[in-house]
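Presented below is the structure to which this report refers.
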Amino acid sequence: MTAARNLATILFTDIVGSTERATDIGNRRWRELLERHHSVVRELLHRHDGVEINTAGDSFVARFDDPVRAIAAAWAIREAVGGIGLELRAGIHMGQVEGEGRSAVGIAVHVGARVSQAAEPGEILVSRSVHDAVEGGEIDFEDRGVHDLKGVPGDRRLFRVVRVPPDLLDAGSPWRRRLASRLPRRGLAAAGLMGAVALAALFLFVRDDAPHSGLPATADAAAAPAIAVLPFTVQGEGLEVWREGMVDVLSTNLDGAGGIRAIDSRTVLARWRESVEEGASADLARSLEVARRTGARYALLGSVVASGSGMRLVADLYDARSGAGLGRGQVEGSPDSIFGLVDRLSIEILAQALEEGEVPSEELRLASITTGSVSALKAYLEGESLFRRGEYRSALTAYQRALMADSTFALAAYRLSQAYGWTVGPSEEGEQAIERAVRFIERLPEKQAAFVRAELALERGAIEGVEIMREAVGRHPDDAEAWFLLGEMYFHLAGQALVPPGEADRAFLRAIRLDPRFAPAYIHRIHLALRYAPDSVRAAEMIATYGSLAGGTSVDREFETAFALAFGDSASRTRAWAALDTASFYLPFMVYQNLAHARFLDTATRVMRFARDSLGGPDPLAAALLVEILFHRGRLGEAIEASLDPALEPRRGLLLYEAHVRGLPIEETELVRELQLSAADTTHPFGLLYAGAFAAELGLWGDYAAAVEGLRARASAAPEQGGDSVRMRLTTGAMTALQGVGAW
């Protein structure tokens, strides 16, 4: 029997330069990065109704029923993986395939693969069949000419995707996906008001099998404040469809945003029809009674009014129990842009609800809402909830989604930078995120703008951030986040700011008193309790509190394991070592950070020996930290022996020189062999810095000058290799330090 043949759109993606990247960062880090890539791709395929057919290495193959969805998915995937430091190429072809669901074979799949291979790094190429299927819509293409695709008969004209409008990237709600695939928005522009009515009728036709997604599974939906959107009044010919239509569209938009739970439109309309006769209107008292009968905390009443050639949407938010008015949202515009009007109205309503304070607002207030995209705001609020609970990796993904929906959303970019800081530490990705926030800083109120400037300074290790936050807490002494950021500045820039650790602890404590459920404010207080003046009682109390807020997260596991190794009995220590043996790559290093006090050096040594020997082969970081711990403990012979580890070959000279400048008796012959300029590791700025400093110590001024020149050349070349990067500033700093050593 012949297999079923169907028309499908096939998408191929693969990572550019994956072999070179894996070689550069090592197999373990490459596997972790590849797992993040796969997670991002699969999430975005799902959001855009794509079906994964196959995955091989760093490549994905997926099928779509709609070429528009395939292009939008490719664009979203390219932007998202760019945020984790990867570059993609993609190819899309539409044709007949055999099989359904996750199965697809045939010449169309083969052609799709060849289109992908023809793409340059960062390009999304489509075949003529895809281009012609969506021609005349909102996606822009550039003709890339005729190509001879290997193994494909005849020449094929290919097109590069150069623009995908943001609204096509919003794959949030089921009813919007259905409409986008049935009626292009350009049809609305031609049809005017009647087009809007026709669209509404189509929407109502597909509404019944498009249930709302509701709150995330992690939220307690029953406890969330609920809002009932009641039928709108309408004034104007042809607008009757919006009487009940607004109930559904606004409920969909508001549901799950900022902790709000929208009462399902079917429930609202059922209660309404029980109390209000068909076609009749209801006064405020009866409307609020309907809202209360649905179990809602808030009620939304509104109107749709024809206004010249346009339309005006007005909505009033009420406390359903007291009847108090809480605020009004109003938008006006062309009926051609009905989706945009509904989104703008939703934003205004949500802002009014957040102002009330009973909705979990995560410190978000009306002046801070700088996006017009409902999907961007909902993703941001989801990220805020995750961030507050210490689920930083999941929060990072949510903030990325917010920026995919609205690339100008400064608050999302600011939080994304912080999420990178909590997951991967200082990074190019984190710096790019905060620089994006700075580009749109004029959209933010004074307080949030100060936070963004301080975060940029912290990302760059600049002392200016301390003064920014000192001024911020002076202006806003009751703001928890201001105190939290001041604590961050004191903790990370203590040496530059000349403040003792207790100042950071006091700032974090002030933030906690203002917002006891903000999990990030506890983390460095626990670090301080373990590192500087170990106090088992104080540390245990704070770790238990953190666990109640962010239990089961990676940071929670880090603290529990470190505490057990530092203060636990023999049984709890045995369990902690077993946890390390089955943990992720990062856990030993995170535990080590908490064991830096002198009383824990024996345990820290064992942790790093374990990390060096048990993480799938010689690990340079673990080997280097082990050498440093042995130096700190005064075990000179063991440290020098450990420095001979082959994994440390490029760094051995750096470790020996650091021990030398601390006054440890390192043989000069060892230093000369490792640090002479011809032998030094010059791939890292510190290699030249240490070689030049040692040359100055010996009076070898020619070698010293060569090291300075080498750093200057690398610093000046960095902008050509990608802009104002972390490496460029590190290199410039090393050059300045070396010049200081020479002058001294």
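The values are calculated or read from the model by the stated rules, or taken from the named source; none is laboratory data. Model, not experiment: these values are computed from the prediction. Virtual Cβ from ideal backbone geometry, glycine too; neighbours counted across all protein chains shown. Calculation scope for accessible area: heavy atoms of the full protein, side chains included, ligands and nucleic acids excluded. Shrake-Rupley method; radii C 1.70, N 1.55, O 1.52, S 1.80 Å.
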Query raised in the report: open to solvent by 60 Å² or more (accessible area, probe 1.4 Å), modelled with pLDDT of 85 or more, in contact with a helix residue (DSSP H, G or I) (Cβ under 7 Å, 6 or more places away or on another chain) and over 24 Å from residue 306 (Cβ atoms): does that describe residue 261?
Result: no
Requested in this report: Can you run down the residue pairs with Cβ atoms below 8 Å, 6 or more apart or on separate chains, where the first is in the stretch 570-590 and at pLDDT 90 or above and the partner is open to solvent by less than 70 Å² (accessible area, probe 1.4 Å) and not in a helix (DSSP H, G or I)?
Outcome: none
Query raised in the report: Considering 280, 285, 270, 296, which residue is of a type in the set (Gly, Ala, Ser), open to solvent by less than 30 Å² (accessible area, probe 1.4 Å) and either over 16 Å from residue 234 (Cα atoms) or not in a helix (DSSP H, G or I) (or both)?
Result: 296
Query raised in the report: Only one of 452, 438, 466, 424 is among the β-branched types (Val, Ile, Thr) and free of Cβ contacts under 8 Å to residues at least 12 places away in the same chain; which?
Result: 424
Query raised in the report: Can you tell me which of 282, 257, 270, 291 is in contact with a strand residue (DSSP E or B) (Cβ under 7 Å, 6 or more places away or on another chain) and either at positive phi or of a type in the set (Gly, Ala, Ser) (or both)?
Result: 291
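Scanning the stretch 84-100 for residues that are open to solvent by 40 Å² or more (accessible area, probe 1.4 Å) and modelled with pLDDT under 80, which turns out farthest from residue 132 (Cα to Cα)? Steps first, answer last, please.
Start the filter on the stretch 84-100 by keeping residues that are open to solvent by 40 Å² or more (accessible area, probe 1.4 Å), which leaves 87, 89, 96, 98, 100.
From what is left, the residues that are modelled with pLDDT under 80 are 98, 100.
Details: 98: 22, 100: 24 Å.
If we take residues in the stretch 84-100 being open to solvent by 40 Å² or more (accessible area, probe 1.4 Å) and modelled with pLDDT under 80, then 100 is farthest from residue 132 (Cα to Cα).
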Query - Count of the stretch 25-56 residues which are in contact with an Asp or Glu (Cβ under 8 Å, 6 or more places away or on another chain), touching a residue at least 24 places away in the same chain (Cβ under 8 Å) and within 22 Å of residue 115 (Cα to Cα) - result: 3
Requested in this report: Sort out which residues of the stretch 584-609 are open to solvent by 10 Å² or more (accessible area, probe 1.4 Å) and closer than 24 Å to residue 422 by Cα, and write them in order of number.
Outcome: 584, 585, 586, 587, 589, 590, 592, 593, 596, 597
Report task. Might you check whether a residue that is open to solvent by 40 Å² or more (accessible area, probe 1.4 Å), out of contact with any His (no Cβ under 8 Å at 6 or more places or on another chain), without any contact (Cβ under 8 Å) to a residue 60 or more places away in the chain and outside any helix (DSSP H, G or I) occurs anywhere in the stretch 667-674? Result -> yes
Requested in this report: Looking only at the stretch 57-81, count how many residues are at pLDDT 85 or above and open to solvent by 10 Å² or more (accessible area, probe 1.4 Å).
Outcome: 9
